[in-house]
Amino acid sequence: EPEVTQTPSHQVTQMGQEVILRCVPISNHLYFYWYRQILGQKVEFLVSFYNNEISEKSEIFDDQFSVERPDGSNFTLKIRSTKLEDSAMYFCASSVERESREVEKLFFGSGTQLSVL
Amino acid sequence: KNEVEQSPQNLTAQEGEFITINCSYSVGISALHWLQQHPGGGIVSLFMLSSGKKKHGRLIATINIQEKHSSLHITASHPRDSAVYICAVMNYGGSQGNLIFGKGTKLSVKP
């Protein structure tokens, strides 16, 4: 079965540094998403991306965050100046096949654990 | 107040038991997802429902839109079903993937 891949699996950074989390969504999907899960808490929506632009973002997704699809395969989340509270597991997901355009379910990557020291 | 409430928070069952996990929500929705989060953290989507019932193997998901309630059932449970099961709703009028998540139900199935 096709899968969403995320790299790296773990990222350790110093507070104030920029980080880029990378994702390769399923190739024929149209919608891409980022979510985060702080340890012990529920998953939270960050942003959805469609047709090369943000379609919706949450209050968490402030000016420190940005997303990009630099080529036909990668989908990245950048945090400009990391804070301690950005420490979390970040999940990428994709959905909606180009051919069917029907939303059936989301396909998640295995996550990137970000630790900000 | 949480917009998505799951019960129970924790559930321990013996292998072979029939399991029910409940989800209630307070907002208008266009769809509801059931997700499985493995001990290692990975998330797998089990179902997306907008009405009625879906079945896949030993898993059955139902939704009652009028009552704003969904249930996930596992028949003949097995230790490999041990995971956190998460209910997530898509707000009516929201974009794809803009989900409100429940806190999850941690299921442990003992052999």
List the number of the failed condition for A:F61; all other conditions in (1) over 12 Å from the mean Cα position of the chain (by Cα); (2) outside any strand (DSSP E or B); (3) modelled with pLDDT of 95 or more; (4) of a type outside the set (V, I, T) hold. (1)
Which of the residues that make up segment B:44-72 are outside any strand (DSSP E or B) and among the basic types (K, R)? B:R58, B:K68
Residue match in segment B:23-30 (condition: out of contact with any Ser or Thr (no Cβ under 6 Å at 6 or more places or on another chain), facing chain A (nearest Cβ under 9 Å) and surrounded by 14 or more Cβ atoms within 10 Å (Cβ to Cβ)): no
Within segment A:1-32, which residues are at pLDDT 95 or above and of a type in the set (D, E, K, R)? A:E18, A:R22
Pick from segment B:73-111, criterion in a loop (DSSP other than H, G, I, E, B), at the interface with chain A (Cβ under 10 Å from one of its Cβ atoms) and in contact (Cβ under 8 Å) with a residue 60 or more places away in the chain, ranking: farthest from B:V4 (Cα to Cα): B:G94
Taking segment B:31-66 and keeping residues within 13 Å of another protein chain (Cβ to nearest Cβ), more than 14 Å from the chain's Cα centre (by Cα) and small (G, A, S) leaves B:G40, B:G41, B:G42
Residues in segment A:31-44 that are within 9 Å of chain B (Cβ to nearest Cβ) and among the aliphatic types (A, V, I, L, M): how many? 1
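The values are calculated or read from the model by the stated rules, or taken from the named source; none is laboratory data. Treat the numbers as computed from the prediction; the structure is a model and nothing was measured. Every residue, glycine among them, receives a Cβ derived from its backbone with ideal geometry; neighbour counts consider all protein chains shown.
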